[in-house]
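The values are calculated or read from the model by the stated rules, or taken from the named source; none is laboratory data. A quick note: this is a predicted structure, and the numbers were derived from the prediction, not measured. All Cβ positions, even for glycine, are placed from backbone atoms using ideal geometry, and neighbour counts span all protein chains on display. For the accessible areas, the whole protein counts, side chains as well, though only heavy atoms, and no ligand, DNA or RNA atoms are used. Shrake-Rupley method; radii C 1.70, N 1.55, O 1.52, S 1.80 Å.
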Amino acid sequence: GCVLVVSVIEQLAQWHNSTVKAAMERLCDYIPGKYQIMGHMYIDREMNADVVCHSLRLCKQDPGQPLCHLYSPPKLHRLCELMHPSAFIFLPLQKSFMGFSSVCAFPLLANLCEKIKYVLRNKLPFEDFDGDKFSTFPTLRGYHWRGRDCDDKNTTVYPGRRPDNWDAKGDSNCNGIWGVDPKDGIPYEEKFCKGADSKGIVLLGDSAGAHFHIPPEWMTVTEMSAKSFANLPMAFSDELDWPQFSEITGFLNSTIGGWTDSLYLRLRKRNRCNHRDLQNISQNGISYSSFSLARNQLLDNPAIVIYATIGNDVCNGERDTLAHMTTPKEMLSNVVQALRYLDSHLPNGSHVILTGLVDGRFLWDNLHDRYHPLGQLNKDVTYSQLYSFLDCLQVSPCSGWLTPNETLRNLTSERALQLSNVLKEIAGSEKFSNFDIFYMDFPLRQTAEEWRKMGGEPWQLIEPVDGFHPSQIAAALGTGITWQKALHEWPQVLGKENPFNDQIEAIFKDQGGY
């Protein structure tokens, strides 16, 4: 964190030909709410962010461990001079950084912190007055993650349920269709949605499914302005995830580049009665020790569940990364346990699609020699350097793939293929009472081919800041590939087209909202 912030400050000073103090003030002016986290600094012109942060002791070198650095280090004798206390003057900067870890120790904030931890751990909305796991608030696991509640004071009203008495008097399932047609006295929900095979979409995923994204303009000084940070509060309250634009449950027009296309939007277009019936139960670094699926077997519509942990079972930041990967035996046990849970919660007639793991060699092959956003101004930070820095700190999102060691990359992909084969075998052999089960490979190769046909480059399919997750473009293209596969191979999963869609839109176009 320190290296990132100091890098941006140094580059702002360079780009605007200003002092470091002026650059810090400029950055603070950009950030909403005037979060003043930095004190005053004097930085020698030859000091890079690594030197600054080690001097502040915000970065450290444990005994017997290598010195972690993002930038090429200065010559040894010059480094000793630069790191001498007399070369570096700071006031409250160090305390400001250190203070974040103890903020929850304040009595007034302790309860709030505990509630936030509970929300994150259980993937539940922070603001949910009736306890039905749906919210009218967008972030903090609100309606960016699950369909928007239309009555947060009534636990029997929520997206995805079967209509109460055909919603003659109110909108019990929040799809915007309710009331009675005055011409014939038939409830609109009965007229338009009865027998329409309505179903919701649920994602059980990891950070890729949650759509992790750090805006590159946050650290690209040539593009930086106050507008760059306008979405910072929302981004942090959504854990730096953007599920509202994601491949499975996206429903808003993308503001982070590319475009939004999702299985939810396509299901909604196919059957307008599916409006708002979505749940994104994904988490950065997901571990399925607990679920927060909101589905009642007796009262709710069936659902399509996408099980897509495309990298977490082989990705970790450990030095001996292979020893910490999920084994095929563990994968079998974990997934079968998850499927048994789903069988006890999903309404009859549901469907589950198991998605295979990605071949992450694509990352190194297409990014390692390109410049990271932090290195574009001075051509001094490549993705290879970033990966090595994160690996040294033991916080790499995937030590097995983000490495110059080709043998290790191949072994990681070999394990990923083994785990995908376990999923394929489960789909072919296991039977459950309330859903049928299918398998599909993660469509990275097809996505890259499609993007090349459109004139794009493979590296554009990867998030530019973390150099690891699928980008918005990749998410949108992946939707089309998955949809076409389902349409041709499993048409029963998607349900039939609703012939009344145009009439629904004509009558209720202003009542559905999002």
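Based on this model, can you work out whether Pro243 counts as over 30 Å from Ala338 (Cα atoms) and not assigned by the TED database to the domain that holds Trp178?
The answer is no for Pro243.
Results for (1) small (Gly, Ala, Ser); (2) in contact with a His (Cβ under 6 Å, 6 or more places away or on another chain); (3) open to solvent by 40 Å² or more (accessible area, probe 1.4 Å), shown as yes or no for each residue.
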{"position": "Phe251", "(1), (2), (3)": "no, no, no"}
{"position": "Thr255", "(1), (2), (3)": "no, no, yes"}
{"position": "Leu265", "(1), (2), (3)": "no, no, yes"}
{"position": "Gly285", "(1), (2), (3)": "yes, no, yes"}
{"position": "Ala294", "(1), (2), (3)": "yes, no, no"}
{"position": "Pro302", "(1), (2), (3)": "no, no, no"}
{"position": "Arg319", "(1), (2), (3)": "no, no, yes"}
{"position": "Pro328", "(1), (2), (3)": "no, no, yes"}
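Rundown of residues vs (1) closer than 22 Å to Thr326 by Cβ; (2) touching a Ser or Thr at 6+ places or on another chain (Cβ under 8 Å), yes/no style:
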{"site": "Pro404", "(1), (2)": "no, yes"}
{"site": "Ser420", "(1), (2)": "yes, no"}
{"site": "Glu430", "(1), (2)": "yes, no"}
{"site": "Asp436", "(1), (2)": "no, no"}
{"site": "Glu450", "(1), (2)": "no, no"}
{"site": "Pro464", "(1), (2)": "no, yes"}
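Against the definition (at pLDDT 95 or above, part of a helix (DSSP H, G or I) and open to solvent by 10 Å² or more (accessible area, probe 1.4 Å)), how does Arg276 come out, yes or no?
Here the answer is no, as Arg276 does not meet what is asked.
Do any residues in segment 428-450 that are at negative phi have Cβ atoms under 9 Å from those of residues that are assigned to a helix (DSSP H, G or I) and basic (Lys, Arg), where the two are at least six apart or on different chains, and which pairs are they?
Phe432/Arg340; Tyr439/Lys424; Met440/Lys485; Asp441/Lys424; Pro443/Lys485
Open to solvent by 50 Å² or more (accessible area, probe 1.4 Å) and closer than 27 Å to Asn312 by Cα - does that describe any residue in segment 180-203?
No, segment 180-203 contains no residue that is open to solvent by 50 Å² or more (accessible area, probe 1.4 Å) and closer than 27 Å to Asn312 by Cα.
From the list Glu223, Glu239, pick out the single residue that is free of Cβ contacts under 8 Å to residues at least 12 places away in the same chain and either touching a strand residue (DSSP E or B) at 6+ places or on another chain (Cβ under 9 Å) or farther than 29 Å from Phe435 by Cα (or both).
Glu223
Out of the residues in segment 111-165 meeting the condition of being crowded, with 19+ Cβ neighbours inside 10 Å and polar (S, T, N, Q), tell me which one is farthest from Gly185 (Cα to Cα).
Thr139
Specify the residue that is modelled with the highest pLDDT; the eligible residues are those in segment 54-82 that are in a loop (DSSP other than H, G, I, E, B) and among the aliphatic types (A, V, I, L, M).
Result: Leu70.
Restricting attention to helices (runs of 4 or more DSSP H) lying wholly within segment 433-501, give those where 2 or more residues are assigned by the TED database to the domain that holds Ser344 and small (Gly, Ala, Ser).
472-489
What's the total number of residues in segment 389-424 that are more than 30 Å from Asp62 (Cα to Cα), in contact (Cβ under 8 Å) with a residue 60 or more places away in the chain and of a type in the set (D, E, K, R)?
2
Residue-wise test of (1) in contact (Cβ under 8 Å) with a residue 12 or more places away in the chain; (2) surrounded by fewer than 19 Cβ atoms within 10 Å (Cβ to Cβ); (3) within 25 Å of Leu339 (Cα to Cα); (4) small (Gly, Ala, Ser).
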residue: Ala210; (1), (2), (3), (4): yes, no, yes, yes
residue: Pro215; (1), (2), (3), (4): yes, no, no, no
residue: Lys227; (1), (2), (3), (4): no, yes, no, no
residue: Met234; (1), (2), (3), (4): yes, yes, no, no
